[in-house]
Every structure is written in C-alpha cells, then in structure tokens.
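Every number in this text was worked out from the coordinates using simple rules, so none of it is lab data. Since we're looking at a predicted model, the values are computed, not measured. Note that we place each Cβ from the backbone using ideal geometry, even for glycine, and neighbour counts take in every protein chain shown.
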Amino acid sequence: MDNQKDIKPQENNNQFKDIILKNNRTERFDINTISPKIANILVVDDNPQNLRLLIAILSMRGYKVRPAPSGALALQSAFSILPDLILLDIMMPEMDGYEVCQKLKENELTKDIPVIFISAIDATSDKVKAFELGAVDYITKPFHTEEILARVNTHISLRRTQQLLEEEIERRKAYEEELKSISLNYQKMATQDFLTGVSNRRHFIERAEEELSRAKRYNHPLNFMMMDIDHFKNINDTYGHQAGDQILKNVAVTCLDNLRVHDLFGRIGGEEFSALLVETSFNDALLVAERIRKSVEESTWHIDNKAVNCTISIGISELNINMEHLNDNDNNFSIEDNLAFEVNKDSQTLDELMSKADEALYIAKSSGRNCIKYR
Ligand code: GH3
Ligand code: MG
Ligand code: MG
C-alpha cells in the first residue's frame, strides 16, 4: 500500500455488486446506487498546518470534515457525532494516535469506524502496530492529495457496503422470524379447534391412531370417551349463540382439568368432545368420566349476567387387550383363548372404538342424559 497505484477502489466495490436478494421483501442492491450521503470525516492532528491542509483537500471533494487538534478532543468529537471515517495522526502530545484508536476500538459505538493513520513514521513495526490496533490503512507523511482521496474514498465505500450487508442480514433475520411465526400459526390452525383451542377432529384422530397402535403393541390398557353436551340447542336458543360458544369453551376447560396431560382430548363435532385415556384401565376411565360429568353438572357459568348450567352425557369404549398375565390362575383361560384374544385385539380399529363409544353415548342420551354408559 505504498503508493496510490495499488489502490483500485472500483474493483474492491465490484465484489459486492451481484448480491441478489431472493425474497420479495428486499431489493437487489448495487454499490453504485448507494445513496450519495455526504460522508462525515474526523481529522485528528496536533499540527494546525496539517489539519488545515487535510480539511481543504477533503472539503474540496465534498466531504463534511471535522477537525480535532488533540487525542482527547478527537474522542469527544467521535462520541458526540459518529464519523464515517477518521484520519488519525500518531504522534501527538498527551494522548497519541495509538491510544485514541485503542479507545475507539474498545467502544461498541465506535469500534467499526474505519481509522486511517497518517504519520511521518515510516517504520514497519509502527505500521504493524497500527493494523494490530484495528486501523484499516496507513499513510505516510508527506502525503499526496490524490493518495489521501483515493484511500479515503475506498474505505468509505467499503464501510457503506459493509453497513448495507449488515442491514440486509438483519432484514433477512427479521424475515425468517416472521416466516417461522407464520408457519407456527398455520400449524396451530391445522391442529387446533378455532373456538376452544383444543385439538381439532383431524389432529385428535391422527394422534389417537398413534396411541392406539402403541397400546396394542405393548398390551397397554386404553379407553375411548365420547362426550356430548345435553340439549345444547336449548342453550343457544335461550341465551344466544355467543353464550353457547362460551359454554363450549368452559366445558372444554372442565374436561381438560379432569384429564391427565398424556390423555388426548379434542373437539370432534359441534358440541361433541372426545378423549383417549392412555394407560388407563376401564375402572379408572369410569372414575374419570364420572368426575367430568359431575364437574360439568356442578358448574354454574355467568354469561351476560345470567347463570347458565348444563350437563353432558358420556359413552365409553375399551380396547380389549390380552389379559393373560392377569389370568394366571384361571384354568378356563386357555392358550387358544389368548390367541383368539390377540387376533381380536389387533383387529380393533379406532373407527370401531369410536362407533362403540357413540353407541354407548346414544344409550346415555336415551336413558335420560347426564349419565355415563359403556359398550
Ligand atoms: P342432545 O342432548 O340430544 O345432544 O341435544 P342437543 O340440542 O345438544 O343436540 P343437537 O344435535 O340437536 O344440537 C346441537 C346444537 O349445537 C345445534 C348447533 O347449532 C349447536 N352448535 C354446534 N356447533 C356450535 C358452535 O360452535 N357454537 C354454538 N353456539 N352452537 C353450536
Ligand atoms: Mg348435544
Ligand atoms: Mg351432538
């Protein structure tokens, strides 16, 4: 970097020219279209003559120039208005250019401002030290006007390009975050019931199929529950559709409150909910169903200053699993029986469990509602 001929600012810029921004929220940018914002340069030199000369050269090229006759004033000026570039003399009384540079690089606000040292010292060790401290360039005095301008121009363009890239990276990160949250929302919409927030029919059935095949594979107990709000039409007719919606939400919460986290629960129709009780014996499923039925019956919900009550009917069906281990002492339970049981168990489908629970629910309805039946 000893003379001006080595510097080809346009070539340095070209490598950034063809960054094609692929999403429609960002635009392709070109170094040649970067806004011609006037660069703000801080010139630091304790020699008033040098200072005047540098100001004259840079101002003539249209740069906004601020002078600082000492290291301390340079720091003060840099922190009050961030410059786009700093031309920094090394040898100055009290605080030399190295110290100024170090302080600038230590501060988050000023660490990325390009610093070009201008010094009468031509020793390699000093130049190396300058670069080690984070300087971008080093110009030896006496300097040549064209060299100063070429180097200043190059580093200002590089900094601008770097800033644009950083902004672009930030924009893309924000865009990716937005995409992630949109995709999460879609996922929610695809799996949740829009009114109650519990699993929708499709998602419930998908998950129930998985749990059913696991229960069959490991011979684990499993029970299916179909719940339907009694005379819900009357609630809509008496209190209005919005009150009906609120009751649906409240019933969903009441059911969830009485289930374990591993149980599946979903809204599978208008005022119908289903639950799949995993690792649960039939007797325990009956207890859970009774708890739900009783909680709903005993709840009074206040909607628009009116006290609203409702009840639900529940139908239960059980997965028939191999009970061999429970029948060790039962001489009537032969190997053939067990084999028949296995075949029966494997042929049970979710559809069958659901229809059996539906039949049980139908019986509960015709037996006066607000009760539990099983098949
Ligand atoms: P049953 O005891 O036999 O189940 O009687 P029911 O009135 O509950 O049953 P029916 O099938 O006759 O009526 C169900 C009602 O549920 C009719 C329908 O308008 C209402 N419903 C379905 N989905 C919604 C909903 O999302 N919000 C509200 N407010 N009502 C709904
Ligand atoms: Mg109903
Ligand atoms: Mg119904």
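Annotations
- 19 Å tail of the calculated P(r), segment 120-229, as % of Cα pairs: 73
- Too-long pairs where the Cα-Cα distance tops 20 Å, listed order kept, from Lys216/Lys294; Lys233/Lys373; Lys294/Lys373; Lys111/Lys173; Lys103/Lys127: Lys216/Lys294; Lys233/Lys373; Lys111/Lys173
- In segment 56-97, the C-alpha radius of gyration followed by the widest Cα-Cα span (Dmax) gives 11.0, 32 angstrom.
- Solvent-free Debye calculation, one equal scatterer per alpha-carbon of segment 39-164: log10 I(q)/I(0) at 0.23 Å⁻¹ equals -1.63.
- Computed FRET value (nearest 0.05) for Ser281 with Ser213, which takes r as the C-beta separation and R₀ as 22 Å: 0.70
- Segment 235-294 and segment 104-147 have Cα centres lying 73 Å from one another.
- Two-site FRET efficiency, Lys111 against Glu176, from Cβ-Cβ distance with R₀ of 22 Å, rounded to 0.05: 0.25
- Each residue of segment 251-256 was assigned a 3J(HN,Hα) from its phi angle through the Karplus expression (A = 6.51, B = -1.76, C = 1.60, θ = phi - 60°), giving 5, 4, 5, 4, 5, 4 Hz with x at Gly and Pro.
- Segment Met189-Ser366, length gained on full extension (0.36 nm per residue, minus Cα span): 60.2 nm
- Between the amide H of Gln192 and those of Asn200, distances stay under 5 Å, these residues lying 5 or more places away or on another chain, with hydrogens modeled in the peptide plane.
- One compactness figure for segment 201-374 is 1.15, namely its Cα radius of gyration divided by 2.2 N^0.38 Å.
- Table column - 3J(HN,Hα) (Hz), segment 219-225, Karplus curve with 6.51, -1.76, 1.60, x for Gly and Pro: 6, 9, x, 7, 10, 10, 10
- Proxy reagent accessibility, fewest Cβ within 10 Å first, across Thr238, Thr191: Thr238, Thr191
- Set the Cα radius of gyration of segment 232-307 against 2.2 N^0.38 Å, with N its number of residues, and you get 1.20.
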